[in-house]
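Asks: Below is one structure. I have some questions about it.
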Amino acid sequence: MLVTSDAKFASQRTVPRLARVRTAIAHGELRLQVQGQADLLLPLAHPAHHAHARRQVEVWGDACWALDEGDAAAAWFTAATGQPLRMVRVADEMRRQVDPRFAATGVETGFADGFPVLVINEASLAELNRALREPVTMQRFRPNVVLSGAAAWAEDAWRQVRTSTVALALVKPCARCSIVNVDPDTGLAGAEPLRTLGACRTNVRKGS
């Protein structure tokens, strides 16, 4: 996660240029790329210096223990975005309870907005794109799991998604924010697709 100088989390809501950063995981490393800069490589394992870099950060009002990734990572993201940012990872001892209105005590997440997994239905994106002047890619919505084979908006009635080894409880719909309006190629924000998505979902709720 990235944090500002006052240790609060940063995202594309306030730093849309973050959309230009590309990530990949391979050979035990996180690779970060952005046009015009050398790649940043960070080990997935905790380096020894983390023993001296423990700090508290804030995510949506939750105080969380984190480990700072160091000055080189901070300089890289500051150059990429034009804003002073530092990168942190979840500390081993961090415990962040998911909103108890939707999950049992002991269900935890890391630095995600509220829940550890975001599920999306491919047909719903296709339906949205039929209403848009310029179609958007799934990348705008940042899902962890993409499902196909169901009707558009069928996920409204789902309570669980199950595979042969994993069961995911679908505890609430995602309240979409302005990040979907950020073009992942340019880092520039517009008015779509959130405006059209809002209209589509209003029509669905009314049964039209």
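The values are calculated or read from the model by the stated rules, or taken from the named source; none is laboratory data. Keep in mind it's a predicted model, so treat the numbers as computed, not measured. Glycine also receives a Cβ, built like all others from the backbone with ideal geometry; neighbour counts cover every protein chain displayed.
Asks: Mind listing just one residue for me: the one in the stretch 52-94 that is in contact with a helix residue (DSSP H, G or I) (Cβ under 6 Å, 6 or more places away or on another chain) and not charged (D, E, K, R) and, of those, nearest to V34 (Cα to Cα)?
Replies: T81
Asks: If you scan the stretch 80-111, which residues turn out to be among the small types (G, A, S) and either in the same structural domain as L18 (by TED's automatic domain parsing) or within 24 Å of T4 (Cα to Cα) (or both)?
Replies: Listed by number, the residues that qualify are A80, G82, A91, G110.
Asks: Taking the condition of being at pLDDT below 90 and either loosely packed, with under 12 Cβ neighbours inside 10 Å or under 20 Å from the mean Cα position of the chain (by Cα) (or both), how many residues in the stretch 40-75 meet it?
Replies: The qualifying residues number 5.
Asks: Among the residues of the stretch 66-114, count how many are touching a residue at least 60 places away in the same chain (Cβ under 8 Å), β-branched (V, I, T) and part of a helix (DSSP H, G or I).
Replies: Qualifying residue count for the region: 1.
Asks: Output the residues belonging to the stretch 11-29 that are part of a strand (DSSP E or B) and under 19 Å from Q139 (Cα atoms).
Replies: R22, T23, A24, I25
Condition check ((1) touching a Ser or Thr at 6+ places or on another chain (Cβ under 6 Å); (2) at pLDDT 90 or above) across all residues:
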site	(1), (2)
R86	no, yes
R89	no, yes
E93	no, no
Q97	no, yes
A104	no, no
D113	no, yes
V117	no, yes
E122	yes, yes
L125	no, yes
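Asks: So which residues in the stretch 1-32 are free of Cβ contacts under 8 Å to residues at least 60 places away in the same chain and more than 27 Å from L194 (Cβ to Cβ), if there are any at all?
Replies: Matches in the stretch 1-32: D6, A7, A24, I25, A26, H27, G28, E29, L30, R31.
Asks: Six or more apart or on different chains, Cβ under 8 Å: which pairs go from a residue in the stretch 157-172 that's within 21 Å of D113 (Cα to Cα) to one that's among the β-branched types (V, I, T) and assigned to a loop (DSSP other than H, G, I, E, B)? Could you list them?
Replies: L168/V117
Asks: Continuing with the same structure: Which one of these does A191 not meet: (1) at pLDDT below 90; (2) part of a loop (DSSP other than H, G, I, E, B)?
Replies: Of (1) at pLDDT below 90; (2) part of a loop (DSSP other than H, G, I, E, B), only one is false for A191: (1).
Results for (1) of a type outside the set (K, R); (2) modelled with pLDDT under 95; (3) assigned to a helix (DSSP H, G or I); (4) surrounded by fewer than 16 Cβ atoms within 10 Å (Cβ to Cβ), shown as yes or no for each residue.
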position: V146; (1), (2), (3), (4): yes, no, no, yes
position: K172; (1), (2), (3), (4): no, yes, no, yes
position: R176; (1), (2), (3), (4): no, yes, no, yes
position: D185; (1), (2), (3), (4): yes, yes, no, yes
position: C200; (1), (2), (3), (4): yes, yes, yes, no
position: N203; (1), (2), (3), (4): yes, yes, yes, yes
position: S208; (1), (2), (3), (4): yes, yes, no, yes
